[in-house]
There are 2 protein chains.
Amino acid sequence: MKTDIEIAQSIELKPITEIVEQVGIGFDDIELYGKYKAKLSFEKINALKDQEPGKLILVTAINPTPAGEGKSTMSIGLADALNKIGKKTMIALREPSLGPVMGIKGGAAGGGYAQVLPMEDINLHFTGDMHAITTANNALSALLDNHLQQGNEFGIDQRRVIWKRVVDLNDRALRQVIVGLGSPLNGVPREDGFDITVASEIMAILCLATDLADLKERLASIVVAYTHDRKPVYVRDLKVEGALTLILKDALKPNLVQTIYGTPALVHGGPFANIAHGCNSVLATTTALRLADYTVTEAGFGADLGAEKFLNIKTPNLPKAPDAVVIVATLRALKMHGGVAKTDLSEENLDAIRAGFANLERHVANIRKFGVPVVVAINEFVADTAAEVALLKELCAGIDVPVELASVWADGAAGGVALAETVVSVVEQGQANYTRLYSDSDSLEEKVTKIVTEIYGGRGVVFGPKAKTQLKQFADLGWDKMPVCMAKTQYSFSDNPVDLGAPEGFEITVREFVPKTGAGFIVALTGDVMTMPGLPKEPAALNMDVREDGTAVGLF
Amino acid sequence: MKTDIEIAQSIELKPITEIVEQVGIGFDDIELYGKYKAKLSFEKINALKDQEPGKLILVTAINPTPAGEGKSTMSIGLADALNKIGKKTMIALREPSLGPVMGIKGGAAGGGYAQVLPMEDINLHFTGDMHAITTANNALSALLDNHLQQGNEFGIDQRRVIWKRVVDLNDRALRQVIVGLGSPLNGVPREDGFDITVASEIMAILCLATDLADLKERLASIVVAYTHDRKPVYVRDLKVEGALTLILKDALKPNLVQTIYGTPALVHGGPFANIAHGCNSVLATTTALRLADYTVTEAGFGADLGAEKFLNIKTPNLPKAPDAVVIVATLRALKMHGGVAKTDLSEENLDAIRAGFANLERHVANIRKFGVPVVVAINEFVADTAAEVALLKELCAGIDVPVELASVWADGAAGGVALAETVVSVVEQGQANYTRLYSDSDSLEEKVTKIVTEIYGGRGVVFGPKAKTQLKQFADLGWDKMPVCMAKTQYSFSDNPVDLGAPEGFEITVREFVPKTGAGFIVALTGDVMTMPGLPKEPAALNMDVREDGTAVGLF
């Protein structure tokens, strides 16, 4: 069996200029990065402003196994299949971080015969967006520490600097550091830490900004620290939002690439799905909507996190809400939710599927609360049995949700045709009638409570002592009018990762709130959230190499 | 008077495809980065292997004022002028670091009417080379700390890790840090520090590597730490040279841009000129030599550092040695060497020029020791008087060195025609007969001593206690066969920055040696060397912004 990179390297790519022609993008509308990657110009994006948006399909998933349910693969395969049945379709996906690429084997540009290409470039430096975000983030840190060093005009309390540095690597040794040591010439000593770049608030900002002016306004609104009398200090106080916008001006332009089947894809931005909203950029999704008849996009983690944030945080920034949501499920994960141990997931187990279906059922009901119709996609694995598939279809029929088996990983576009046809038929019924779960004027407490009770299925919320104090502080600062971004485990509806299926009666504990006033949301922390991964004992980097002709070895 | 960026933005650029056509590079030989930047493919570089190299002109300078003597500006203007008088000419220059761009006003892509364009891009992310080097450097750090964390198979002494992290920013707070704090899950606590990216050994390696295989071999040869029994640990022990090469594979390809006058320019690599060799990449210079009849290149700092290293370290990796060396001098700097205070440099002072000429004279004599003919270029400033220029010309005649006044900053190509004609006439006499100052088999002690006595004009070398111990250690390890890379102040021939003119009788103290076994040289530290600059009280970043159309404001 071929690996992802072997499949990717066996494909003869078309020049990206040819790919984008089919959606009306000309040579002068793009900036090439080699022959197969390009950035779309602001001129073209602006010229599309009055274009009627096409149909929007959001791909999400049940609570996944640690290997993931294959959302990206399914998104790519579905888009290829939509094109195959004659719908002019584009994809809008997140771009991968280099950290996990060096760490753990596992593609971030789809898999099998449902990949975006050139996967080598996309997984390495791509068009430099991650590097621009890293640079902007760390330039802000350097300018902030320079403010402390050069007289500290704003009276910043160096113990209350909340802006952290970043690297786009898995580097546990940088999680907690002390900077400014050695000499008065080396700055003010203080505790600091590094997150991975995709956890930077600047990544979330880049993915929510609608244009350069909005980007700059959001950057200016970042809180970086508090003064000795506990007042927030913003980027606009430091007067560096112009410089940060300058560093990010090209990164804001969406990236154009292609799938194995020549479907044009916008791969742009990739914020975390816990401390951020987990979706590709608003600009990419908006642009795809205005260029294509169908746009397929995805949201990170399971639907309780990714889709909830897509619908409550991202959608208000889009020209339209989704016309349909595809929930990806694997029989393996359903069996896991039904109580089967990881080692036994390859064996047929109808009872476990019946039990585990509760997880899928709750996700379906949740999406329907937003007024958007749902289609279930079963991501086929070799171990799936006919009886298991038949049972799942029967269970889906019981809750009146369309379901299709899709084999896009193995069969590419052809493996997604049935799913594509079902999606089109649901979309063409025009039942979507989007409604948001909460309104901006709800208090933070109300917002969190609605998410926990109506989406997670929990009994209620416990606010820890720090969170309680913050509820009042944030209301005083006017920050409570922003949406809430839940930081929770992706493996369970509850805040306990081993609490599988469809748990009930639980409470969610919110330990702390974190203001992301530039991104425009308030993060609610439940449990520990890892913002800097570590490397495994045998990092993927050990198997990487380059051939004499410059092609990559060992990227999955 | 227009600023550099105003001049740059007033120029209508030609597509880079058109620019490179004139030196025989076709569309399929390059990878575009937008319309005005490109990387040259390895295929094209390889196809040029048997091409006869053209003439090589090295631009260097006297010991400069803090503002610099204008070497880059002169290199660009000279190349434009050579093209103007009918010589097919290319430029090979260093690419700038973002750190100083955010910190201190001052262009790094030439100035006035002698600039490489698009200057905005070149000064910001360009084609991502700096980011690739930052990433490779820090990936190595993460993999090294992961080795410590995961059992430390090689017995690395965490107090003797010499590999530092980098950021491409001026960030003094990162000079000295402690990493790995907070929990056993956060790695092994140890002292660490960050350099600016251009000080990374990987930058020096990229600039000396002749192809991908050589790059990988050099990366494998980096020493990162010592074991508890003081044995060096190399990158090849960690088995990550393949991954690092993969991260750097595109960064190794030279970048093509253009000057204001449409001269094709290779702008690639930019190592420090103190702890590294201060020259653009071997691949860029070699490629230019094989494509053009004339190649103009430069070396960092004054000729005692930059040209010495170009001739002793870089030249052995090139297909040929320089045919002529241009030494840039300003009347201002000569007056400074003649004892005039900084505030009085704009006033005519013939005596000071006569006294300060000793500095230029020693540089001319030094270059001649390498068997290469010299031309002096006077970089014109508005305050220069006719009498001063006449005097300098007379003094140059006295030591039989051709000299020309050049006004490329104000007048562009036309301002460099006289210089270009003189350079061509010197080159066409064919007097160059390159000889290296020392041979690889000389001991480190001998190499340093030759540089100090024959180039700096010093009496001898004092090796401090640590350096003395290292002389023996490095000889035992076989490291003494590498060239020496002097880390010394650029402002004086001696190791005392205020010791101007042509000091005599001084001794140079070598405090410590630093092995750069991947780059293939041993750094000799004299005095303090700053490898991480700080930001000034009013950083240039405060004046930066982006217009609605995406163009930059405040980049010089």
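The values are calculated or read from the model by the stated rules, or taken from the named source; none is laboratory data. Nothing here was measured: the structure is a model prediction, and the numbers come from that model. So basically every Cβ, Gly included, is an ideal-geometry build from the backbone, and we count neighbours across all protein chains shown. All accessible areas refer to the heavy atoms of the entire protein, side chains included, with ligands and DNA or RNA removed. Shrake-Rupley method; radii C 1.70, N 1.55, O 1.52, S 1.80 Å.
Structure above, values below:
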| quantity | calculated |
| --- | --- |
| Cβ pairs under 8 Å, 6+ apart, first in the stretch A:283-305 and under 25 Å from A:ARG368 (Cβ atoms) and touching a residue at least 40 places away in the same chain (Cβ under 8 Å), second in a helix (DSSP H, G or I) and polar (S, T, N, Q) | A:THR295/A:THR285; A:VAL296/A:SER75; A:THR297/A:SER75; A:THR297/A:THR285; A:GLU298/A:SER72; A:GLU298/A:SER75; A:ALA303/A:ASN366; A:ASP304/A:ASN366 |
| Residue list for the stretch A:174-201, restricted to those being touching a Gly at 6+ places or on another chain (Cβ under 9 Å), open to solvent by less than 40 Å² (accessible area, probe 1.4 Å) and small (Gly, Ala, Ser) | A:GLY180, A:GLY187, A:GLY193 |
| Complete set of residues in the stretch B:343-360 that are within 15 Å of B:GLY501 (Cβ to Cβ) and not in a loop (DSSP other than H, G, I, E, B) | B:ASP351, B:ALA352, B:ILE353, B:ARG354, B:ALA355, B:GLY356, B:PHE357, B:ALA358, B:ASN359, B:LEU360 |
| Matching residues, the stretch A:175-188, being free of Cβ contacts under 8 Å to residues at least 24 places away in the same chain, of a type outside the set (S, T, N, Q) and in a loop (DSSP other than H, G, I, E, B) | A:LEU181, A:GLY182 |
| Helices (runs of 4 or more DSSP H) lying entirely in the stretch A:96-173 (those with 1 or more residues that are without any contact (Cβ under 8 Å) to a residue 40 or more places away in the chain and surrounded by fewer than 23 Cβ atoms within 10 Å (Cβ to Cβ)) | A:129-149 |
| Per-region count, the stretch B:364-380, residues over 10 Å from B:VAL401 (Cα atoms) and in contact with a helix residue (DSSP H, G or I) (Cβ under 9 Å, 6 or more places away or on another chain) | 9 |
| Criterion: closer than 21 Å to A:ASN138 by Cβ, open to solvent by less than 10 Å² (accessible area, probe 1.4 Å) and in contact (Cβ under 8 Å) with a residue 60 or more places away in the chain - qualifying residue of A:LEU248, A:LEU266 | A:LEU248 |
| Checking B:GLU394 against (1) touching a strand residue (DSSP E or B) at 6+ places or on another chain (Cβ under 7 Å); (2) open to solvent by 10 Å² or more (accessible area, probe 1.4 Å), the condition it does not meet | (1) |
| Qualifying residues in the stretch A:127-167 (those that are of a type in the set (Asp, Glu) and more than 7 Å from chain B (Cβ to nearest Cβ)) - the one farthest from B:SER183 (Cα to Cα) | A:GLU153 |
| Test: residue in the stretch A:196-203 that is touching a residue at least 12 places away in the same chain (Cβ under 8 Å) and at the interface with another protein chain (Cβ under 8 Å from one of its Cβ atoms) | no |
| Test: residue in the stretch B:2-16 that is crowded, with 22+ Cβ neighbours inside 10 Å, away from every other protein chain (no Cβ under 14 Å) and of a type outside the set (A, V, I, L, M) | yes |
| A:LYS216 open to solvent by 10 Å² or more (accessible area, probe 1.4 Å), closer than 23 Å to B:MET130 by Cβ, touching a residue at least 24 places away in the same chain (Cβ under 8 Å) and within 14 Å of chain B (Cβ to nearest Cβ) | no |
| Exclusive hit being over 24 Å from B:PRO96 (Cα atoms) and within 14 Å of another protein chain (Cβ to nearest Cβ), set B:GLU454, B:GLU548, B:GLU538 | B:GLU548 |
| Qualifying residue in the stretch A:220-235 (condition: within 26 Å of A:ILE30 (Cβ to Cβ) and surrounded by 20 or more Cβ atoms within 10 Å (Cβ to Cβ)) | no |
| Criterion: hydrophobic (A, V, I, L, M, F, W, C) and closer than 17 Å to A:ILE275 by Cβ - qualifying residue of A:LEU444, A:LEU437 | A:LEU444 |
| Residue selected from the stretch A:435-452 under the condition in contact with a Phe, Trp or Tyr (Cβ under 8 Å, 6 or more places away or on another chain) and open to solvent by 70 Å² or more (accessible area, probe 1.4 Å), by the criterion nearest to A:PRO322 (Cα to Cα) | A:GLU446 |
| Strands (runs of 3 or more DSSP E) wholly inside the stretch A:1-74 containing at least 1 residues that are in contact with a strand residue (DSSP E or B) (Cβ under 6 Å, 6 or more places away or on another chain) and free of Cβ contacts under 8 Å to residues at least 60 places away in the same chain | A:30-32 |
| Yes/no for A:PHE493 being more than 9 Å from every other protein chain (Cβ to nearest Cβ), of a type outside the set (A, V, I, L, M) and in contact with a Cys (Cβ under 6 Å, 6 or more places away or on another chain) | no |
| Qualifying residue in the stretch B:322-332 (condition: more than 22 Å from B:SER492 (Cβ to Cβ), of a type in the set (A, V, I, L, M) and more than 23 Å from the chain's Cα centre (by Cα)) | no |
| Matching entry among A:ILE62, A:ILE85 (being away from every other protein chain (no Cβ under 14 Å), open to solvent by less than 10 Å² (accessible area, probe 1.4 Å) and on the phi < 0 side of the Ramachandran plot) | A:ILE62 |
| Those residues of the stretch A:169-184 which are at the interface with chain B (Cβ under 7 Å from one of its Cβ atoms) and on the phi < 0 side of the Ramachandran plot, in sequence order | A:LEU169, A:ASN170, A:ASP171, A:ARG172, A:ALA173, A:LEU174, A:ARG175, A:GLN176, A:VAL177, A:ILE178, A:VAL179, A:LEU181 |
| Residue among B:SER425, B:SER407, B:SER439 that alone is hydroxyl-bearing (Ser, Thr, Tyr) and either more than 25 Å from the chain's Cα centre (by Cα) or at pLDDT below 95 (or both) | B:SER425 |
| A:ASP499 more than 14 Å from chain B (Cβ to nearest Cβ) and without any contact (Cβ under 8 Å) to a residue 12 or more places away in the chain | yes |
